[in-house]
Every structure is written in structure tokens, then in C-alpha cells.
Amino acid sequence: MQTWPNPFIEQRADPYILHHEGQYFFIASVPQYDRLEIRRADSLEGLRSAEEVVVWRKPETGPMSQLIWAPELHHIDGKWYIYFAATHTQVLDKLGMFQHRMFALECNDRDPLTGIWLEKGQIKTPFDTFALDATTFVHQGKRWYLWAQKAPDIAGNSNLYLCEMENPWTLKGEPVMLSQPEYDWECRGFRVNEGPAVLVHDDKLFISYSASATDENYCMGLLWIDIKADPQNPENWHKSPRPVFATSYGNRQYGPGHNSFTKTPEGEDVLVYHARNYAEIEGDPLYDPNRHTRLKWVRWDENGMPDFGIPPADTL
């Protein structure tokens, strides 16, 4: 089975790869947190050397003027959308948290690299609190929005929420909370559930997510549900009591997480994630630029569960 160079793309955190109509599109957080870039290639391997095209830059002021985080690119009903988190200030709030909210851009043109991107504004939820890491997917004939947000009445930084969508920038109905930090490995440094990603296999729908602080404690957890069960009933969801992908001290891979999933042309599932190759970070880990994008095969066990294994060592 083919393996990819590791790192795959350097200094790109929160990576997202979309496979659409035979092409691969790559978008991620850049170390400067000031712009949105897209790469396109005819193959996964081609993304490594593909041209980076800046499709949007943050304004000087306003609600989207600081710390552009974790973009995702989606193709919905013939149009392109980018979801991302941003804030108006780098100053922390009275709870000591960043003040991000979630936003959407729309492109009506066929080519998202040359088309015009329009700002659709903030995606609003019932809480006006720290919110980030949105993704979207279709399940049971409905489009869903899945994200991380601070709840006013729950300790910690963020929980995972799911809500049906009215349109690609508007929620419909009441969100339901799917997970909150509860295990020790979700609460190291910070109480965090964030960066959800969706994967369907056989009779189950899976949500991977990231937990704890963004240093070597960062790791991935897993939720899953029967594909026919009601996703808006929290009791239908299962949660792994242990992390499913975590730091490998032997391979010198630290803080693997904030993943997405893509597929090979043959339909094999690929884990897309970031990790550092050192643990000694000066200052805030968020401002350390060396979270590199990495790829790894997803193996499926006899029970139809994903086995992510351990993060492989650098090859470069």
C-alpha cells in the first residue's frame, strides 16, 4: 500500500482535503492566520507542489479581521463555500478565551481558485460565545452543520454540536450537543472538544474530533452512531472512552489532530491531520508554525470500526 512523504505539506495546520469531480482541493490554516488559500491538483500527491492561490484576505478591522482559523472548502448545490472561524480582536475575553465566531464565504463560479468569493456573514447559533471548526455533511436526506462551541453553563472551552441547516449559512431548528470534555485525555491543558470530521463506513457514521490543548496533549477522539438512528438524539451516539490517535513519543510525532478525511480515486479512506515533530514549544503553541499536514491510511477492523494506529515517523 502506498505511503506518502511525511510531512506531506509543511506549516499547514487544521488541514482539509476535498475530493471533487476527480480533483483534489486543499485548504488549511496558515501560520499568519491572515488569509485563505486553496491548492488544486489531479492527484493527492500533486497537492504537495500545487500552486497556492489566495482567494480571500482578512480585512483590517471588523468581526473577521483577526486569527483566521481552520477553513474548510465544500461544494453544495453547485456552489462553493468556505467555512472558517475569525475574531475582531486577539484580546481574550473575561473567561480567558479567544472570541472567535464562525463565518461563511460563497463562490458561484465553476472555478473556486479564480471565482469571486462573497461574504455571507456569521453563522449564528443560540449562544453568542466562542465558536469554531465548522463542517457540513448530508445524512438521511438532510444537510447538517457540525461545530465546536463554548456553552455558557458548561465548564471548559468547547463542546460539539449538530444542527440541521436551512441553507449553507443558516441553521434550522435547535442544535443538539453530541459531546463535551469528560475524560482526562480531553481535559489536559484545556477542556476541549473541537475539529469534528465525518466519515461513513458500512452501517455507521463516525465523527472524529480533537481534544485537550494544542501541544503534545492534543489527540483525537471518536463518536459513532448507527446510520439509520436519529442523529439528533444524543442517546443514540457512542463515544470512545480512550483517544483513537495520540502522540507517539517513539516516532517523535506530537499532538496529532484536527483532522479531515478524504479518499483515494479507488475509494480508500485517508486520514488528513497535523502534528509537530517536537514537543518543546516556546510560548503559546498556537503561534508555533510547525504543525505540518500529514496523511495516513484508515484501516477498518472486523467490527467495522476505524483503526488509526499511531502517527508514523517523519520520512523527510
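Brief remarks on what is shown
- Residue in the range 90-98 that is at pLDDT 95 or above and of a type outside the set (A, V, I, L, M, F, W, C) present: no
- Among the residues making up the range 84-101, those that are open to solvent by 20 Å² or more (accessible area, probe 1.4 Å) and in a loop (DSSP other than H, G, I, E, B) are H88, T89, Q90, V91, L92, D93, K94, L95, G96, F98, Q99.
- Flag for Y209 being at pLDDT 95 or above, buried (at least 17 other Cβ atoms within 10 Å of the Cβ), within 15 Å of V192 (Cα to Cα) and aromatic (F, W, Y): yes
- Test: residue in the range 138-151 that is of a type in the set (A, V, I, L, M, F, W, C) and over 27 Å from H19 (Cβ atoms): yes
- Of all residues in the range 16-27, none satisfies being among the acidic types (D, E) and modelled with pLDDT under 95.
- So E52, is it under 20 Å from L316 (Cβ atoms), open to solvent by 40 Å² or more (accessible area, probe 1.4 Å) and either of a type in the set (S, T, Y) or touching a residue at least 24 places away in the same chain (Cβ under 8 Å) (or both): no
- Entirely in the range 102-168, the strands (runs of 3 or more DSSP E) that have 1 or more residues that are open to solvent by 50 Å² or more (accessible area, probe 1.4 Å) and in contact with an Asp or Glu (Cβ under 7 Å, 6 or more places away or on another chain): 117-122, 142-149
- Boolean, L36 is free of Cβ contacts under 8 Å to residues at least 60 places away in the same chain, surrounded by 13 or more Cβ atoms within 10 Å (Cβ to Cβ) and touching a Lys or Arg at 6+ places or on another chain (Cβ under 9 Å): no
- Listed by position, the strands (runs of 3 or more DSSP E) contained in the range 227-313 that have at least 2 residues being open to solvent by 20 Å² or more (accessible area, probe 1.4 Å) and within 26 Å of V30 (Cα to Cα) are 254-263, 292-297.
The values are calculated or read from the model by the stated rules, or taken from the named source; none is laboratory data. Predicted model, so just to flag it, every value in this text is computed and none were measured. Counting neighbours? That spans all protein chains shown, and the Cβs are built from the backbone with ideal geometry, glycine included. Remember, those area values only see protein heavy atoms, side chains included, never the ligands or the DNA or RNA. Shrake-Rupley method; radii C 1.70, N 1.55, O 1.52, S 1.80 Å.
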